[in-house]
1. By accessible area of protein heavy atoms, probe 1.4 Å, what ranking do THR149, THR199 get, highest first?
2. From Cα pairs below 8 angstrom and at least 6 apart in sequence, can you work out the relative contact order of the chain, rounded to a whole percent?
3. Once every DSSP H run of n ≥ 4 in the chain is given -39500 (n - 2.57) and the sum is divided by its residues, what mean residue ellipticity at 222 nm do you get, rounded to the nearest 500 deg cm²/dmol?
4. Of TRP162, VAL62, THR28, which is farthest along the charge dipole of the chain in the positive direction, counting Lys and Arg as +1 and Asp and Glu as -1 at C-beta?
5. In Å², and per residue, what accessible area does the chain have when probed at 1.4 Å with the other protein chains present?
6. What figure, in Å² to the nearest 10, do you get for the accessible area of PHE131 with a 1.4 Å probe and non-protein molecules left out?
7. Chymotrypsin sites (Phe, Trp or Tyr not before Pro), restricted to segment 136-202: which are DSSP loop and have at most 10 other Cβ atoms within 10 Å?
8. Quick one: which residues, 5+ away or cross-chain, put their amide H under 5 Å from the amide H of PHE141? H built at 1.01 Å from N.
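The values are calculated or read from the model by the stated rules, or taken from the named source; none is laboratory data. Every value quoted in this text rests on a predicted model; they were computed, and no experiment measured them. No Cβ is skipped: glycine too gets one built from the backbone with ideal geometry, and neighbour counts run over all protein chains shown. Heavy atoms of the whole protein, side chains included, go into the accessibility calculation; ligands, DNA and RNA do not. Shrake-Rupley method; radii C 1.70, N 1.55, O 1.52, S 1.80 Å.
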Amino acid sequence: MTSPRPIDLTAWPRRQHFEHYRSVVACTYAMTVEVDVTAFAAALRRSSRKSYLAQVWALATVVNRHDELRMCLTEDGAPAVWPVSHPMFTVFNPERETFASVWAPYDPDFATFHAGAAELLETHRAATELFPQGRPPANTFDVSSLPWTSFTGFTLNVAAGWDHLAPILTLGRYVEREDRTLMPLAVQVHHAAADGFHTARLVREFQDLVADPAWVR
């Protein structure tokens, strides 16, 4: 695993924002949006690709475009950025009604990522441990799915989570409305790492990826 790159505080435009939301008013915030996945869902129906893994890859692609979505803290508490962040996502075991968390190396090529991640899903579909691959690497971010229900709001309450700077992303069940297919997406972010502008950009770029799903093949 490559080490994170420390941020040059003398040249960082968000230094004051980081210090304020890390030490003075430490807080996270969450935003839930409906994403139009009409074209995306249609492309996946014509494909052998798994919808969940396509969703995870699209989110990981956006995360890996922007430093504020790959932030962490060094051992001395200074802000740093991972060169790459890998998605950690859930696998449901229906017999036990529990889930496992697995992670897959991010690859900018969807087909390459899908091949590795699909193998993980198959391998760990009956997992009885929360982390069947062992302790996940530090440079991961969390994606979870609630395919059983849609939602208009979703918030995690993370006790003592002030050192967790990576975004937490939650996907919901598709809904059909006015001939469109919509999917809820909840984004939880540490305010020290990213502001509303950055979270809105994450959502917009994810929407752009699923609106033009030529990469699903």
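1. The most accessible residue leads, giving THR149, THR199.
2. Reported relative contact order: 31 percent.
3. -8000 deg cm²/dmol
4. Checked the options; the winner is VAL62.
5. Per-residue accessible area for the chain comes out at 52 Å².
6. Spelled out: PHE131, probe radius 1.4 Å, area about 80 Å².
7. Details: sites: PHE141, TRP148, PHE151, PHE154, TRP162, TYR174, PHE197; in loops: TRP148, PHE151, PHE154, TRP162, TYR174.
In loop regions of segment 136-202 (DSSP not H, G, I, E or B), the sparsely surrounded chymotrypsin sites (Phe, Trp or Tyr not before Pro) are TRP148.
8. Long-range HN contacts for PHE141: HIS86, MET88.
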